[in-house]
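What follows is a single structure, written as structure tokens, with notes after it.
The values are calculated or read from the model by the stated rules, or taken from the named source; none is laboratory data. All values reported here derive from a predicted model rather than from experimental measurement. Methodologically, a virtual Cβ is constructed for each residue, glycine included, from the backbone with ideal geometry; neighbour enumeration extends over all protein chains shown. Surface accessibility is based on the protein's heavy atoms, side chains included, excluding ligands, DNA and RNA. Shrake-Rupley method; radii C 1.70, N 1.55, O 1.52, S 1.80 Å.
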Amino acid sequence: MDNPRFPNCYKADSKPHKFCPGCGHPIVLKMLGQVIDEMGIADKVVFMVDIGCSLLAWDYFDLPTTQTHHGRTVPTAVGFKMADPGKIVIAYMGDGGAYAIGLQHTLTACLRDNPITTIVVNNTLYGMTGGQLAPTTVDNEITTTTPGGKNEFTTLKGPELLRTIAHKEAYLARGTTDRPLVLKQYLKKALEAQIKNNYAFVEALSFCPTNWKTDAQKTIERIKDLERIFKVGEL
Amino acid sequence: MGNQILAEAARDAGAKIMFGYPITPSTEILETWAKFCLKDKSLSILQTEDEMAAGFGVIGSCLAGVPAFTATGGPGNILMQDAIVMAEALRVPMVTMIMQRGGMSTSTVIYSQEEVRLTCFGGNSEGFRIIYSTSNLQELYDYTLKAFQMAWKYRWPAFVLADGYQGKMMGEVKIGEKSLKVENVKPILTKGVNFRNCYNLEEEIGEKIINYSDEYQKVRQEIEEYENYQAKDAKIILLAHGIVGAAAKMAVDELRKKGLSVGLFRPITLRPFPTQAAKEIMSKAEKIIVIESAIGQLSELFKAELFGLSNTLIEVNKPALGFTPEEIVKTIQSYG
């Protein structure tokens with residue numbers, strides 16, 4: 001068996017990465033890195049991250065990368081793409097940046113059909129700040145700001161919401177870190193969509209043992225439970 | 001109209017994209033730009049969902065090496081601070097036109113000078129910004145070109161700080177006499193560049209801020225501008241900026257006719273403040289009379305930079321309202 005290699009577009013000196021053990025981000029990023037390698041587009045990709053756990057990817061790739069402010073990754077990506085349409089611009093965020101503080105940017109970029117690729121890593125809570133409520137927190141889920149279990153509002157389903165306002169050629173999908181190779185296909189299609197000048201959005205449902213406070217086995221069980229609520233597939 | 005002139009100036013400066021959210025009294029800038037885009041396909045516009053998206057859109061464009069700008073005022077200026085402070089941190093040449101409107105929340109939509117503090121220091125930062133306070137239509141044009149020049153040369157976010165009166169004033173300006181298209185334009189976010197604005201260690205960010213501060217102090221005299229109108233040897237020096245400065249200048253003429261020894265020191269850059277020039281020009285005056293459509297916002301800038309001057313300082317504050325030259329004449333006469 002071949003040793004799996006680092007994607008070429010990785011920045012070697014930022015490894016080992018700074019994500020928590022068992023985090024889903026490194027899986028998403030590795031799949032993304034492989035897709036960029038396989039498509040041969042490293043010289044065109046511009047990578048933008050939000051504030052939250054995604055910020056730890058600021059030096060992940062040997063690609064032009066910037067952090068932005070929390071929730072503002074999408075408008076920065078839109079502005080860059082307008083200025084340099086030949087680049088492939090990725091806005092990489094968590095569910096807090098995409099669905100709470102940055103929700104209106106997420107929605108408006110889709111509404112306008114801006115040809116950027118948005119990737120949202122969804123662990124159903126705010127990871128970096130220690131596990132607070134998010135728009136994606138599910139019923140009865142315990143977070144640090146819903147210590148009695150969440151029941152305030154409906155769970156936000158990003159790709160489904162966007163499908164109601166997206167252009168018919170827009171690419172929308174939800175993958176999971178539980179099935180990396182399926183997620184990889186979606187990421188590839190999401191970048192191809194941008195090359196065809198369409199809006200693309202991929203949510204990656206992700207585990208977060210640190211904030212879920214789950215051991216390995218319970219982590220896998222939990223993500224499989226979540227996959228019943230957050231359906232994997234293309235929309 | 002002033003706002004049309006601002007849009008023309010941005011185009012003449014070499015800006016290619018305007019991002020903006022409609023807000024009185026700046027909206028005509030966006031509308032004028034939209035008309036430009038119909039005729040000139042090298043220009044683009046994005047009316048965003050809010051001012052934060054406008055500001056970050058400008059940053060995105062600048063990172064790609066394409067000069068862009070936005071315009072706002074009032075509550076929009078508050079939201080714009082989100083983007084502006086990131087531009088400070090990442091050294092992005094963001095250009096913003098602030099058309100000041102009434103102070104305090106929604107307020108009136110037309111005028112005040114109550115966004116000085118916000119525009120100078122509205123970020124969670126030390127305010128490494130370049131701010132031009134204009135006093136007439138020609139300055140709206142000239143200093144917009146300069147704002148782009150200086151932003152791309154020194155990599156601090158730059159501003160044209162005006163107000164609704166200037167934005168709506170009609171008049172003529174001289175255009176295109178000096179070739180002042182922005183220079184030093186190139187992509188910023190390129191291969192090998194990984195930007196962050198989040199830091200783990202106090203020491204890391206502390207060192208960065210001190211480096212920025214040292215650099216800002218080192219280049220400030222290349223950026224500072226002011227107008228000295230008969231202030232040399234004057235017993236009374238008026239200190240005013242923007243459109244109040246224009247009224248004060250007319251008042252100086254009247255007061256001189258009446259035999260008073262009066263002059264005007266008008267800072268054009270509020271940041272960096274023309275401190276050295278102010279010290280030299282004002283040191284011998286008996287009285288310095290600050291006149292502004294705010295409560296002490298210009299005066300605070302002055303006092304912070306020139307602490308230790310022994311002149312008598314009188315503050316004439318009128319938040320929300322403008323000043324006529326006649327009114328300034330009467331006020332100065334009352335101070336003898």
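A DSSP coil position with no more than 13 other Cβ atoms inside 10 Å describes the following chymotrypsin sites (Phe, Trp or Tyr not before Pro) in the stretch B:170-277: B:199. Give, ordered by residue number, each residue of the stretch B:2-50 whose 1.4 Å probe accessible area is reduced by a minimum of 50 Å² on adding the remaining protein chains to the chain alone. Buried on complex formation: B:46, B:49.
Residue by residue along B:65-77, Cβ atoms of other protein chains within 10 Å of the local Cβ number 1 on average.
For the stretch B:122-201, applying the loop criterion from DSSP together with a ceiling of 11 other beta carbons within 10 Å to the GluC sites (Glu not before Pro) yields B:172, B:177, B:183. Loop-located trypsin sites (Lys or Arg not before Pro) across the stretch A:123-180 with a Cβ neighbour count of 10 or fewer within 10 Å are A:168, with loop assigned by DSSP.
Taken across both chains, chains B and A shield about 2500 Å² of accessible surface from a 1.4 Å probe. Each pair of Cα atoms in the stretch A:1-92 enters the Kirkwood radius, and Stokes-Einstein at 4 °C and 1.567 mPa s then converts it into a translational diffusion coefficient of 94 µm²/s. Per residue of A:83-89, other chain Cβ atoms within 10 Å of the residue Cβ number 4 on average. Simple spin-label estimate for residue B:170 and residue A:196 gives 5.2 nm between the two label positions (7 Å along the Cα-to-Cβ direction from each Cα). For the protein assembly as shown, a simple Cβ point-charge model (Lys and Arg +1, Asp and Glu -1, everything else neutral) yields a dipole of about 680 debye relative to the Cα centre. With the simple spin-label model, which puts each label point 7 Å out from Cα in the Cβ direction, the residue B:34 to residue A:20 separation comes to 4.7 nm. Per-residue ellipticity at 222 nm, computed for chain A from helices alone with -39500 (n - 2.57) per DSSP H run of at least four residues, works out to -10000 deg cm²/dmol. Compute the FRET efficiency between residue B:47 and residue B:185 as 1/(1 + (r/R0)^6), taking r as their Cβ-Cβ distance and R0 = 25 Å, and round to the nearest 0.05. Using R0 = 25 Å, I get an efficiency of 0.55. Note on B:141-150: average number of Cβ atoms from other chains within 10 Å of each residue's Cβ is 0.
Of all DSSP beta bridges confined to the protein assembly as shown, the antiparallel ones make up roughly 15%. Excluding ligands, DNA and RNA, the accessible surface per residue across chain B is 40 Å² with a 1.4 Å probe. Per atom type, the protein assembly as shown shows carbon and sulfur on 54% of its accessible surface, probed at 1.4 Å. With springs only between Cα atoms under 10 Å, which of B:272, B:319, B:157 fluctuates most in a Gaussian network model of chain B? Between B:272, B:319, B:157, it is B:319 that shows the largest mean-square fluctuation.
For the pair the stretch A:8-34 and the stretch A:164-233, the centres of their Cα atoms are 17 angstrom apart.
In chain B, the DSSP-assigned H stretches of four residues or longer account for a calculated mean residue ellipticity at 222 nm of -14000 deg cm²/dmol, using -39500 (n - 2.57) per stretch and the full residue count as denominator. Compared with the dominant principal axis of the Cα atoms in chain B, helix B:75-90 is inclined by about 70°. Label sites at residue B:303 and residue B:138, each approximated as a point 7 angstrom past Cα along Cα to Cβ, lie 3.5 nm apart.
Sorted on the mean count of surrounding Cβ atoms within 10 Å across their residues, most packed first, peptides B:69-76, A:193-200, B:287-294, A:108-115 read B:69-76, B:287-294, A:108-115, A:193-200.
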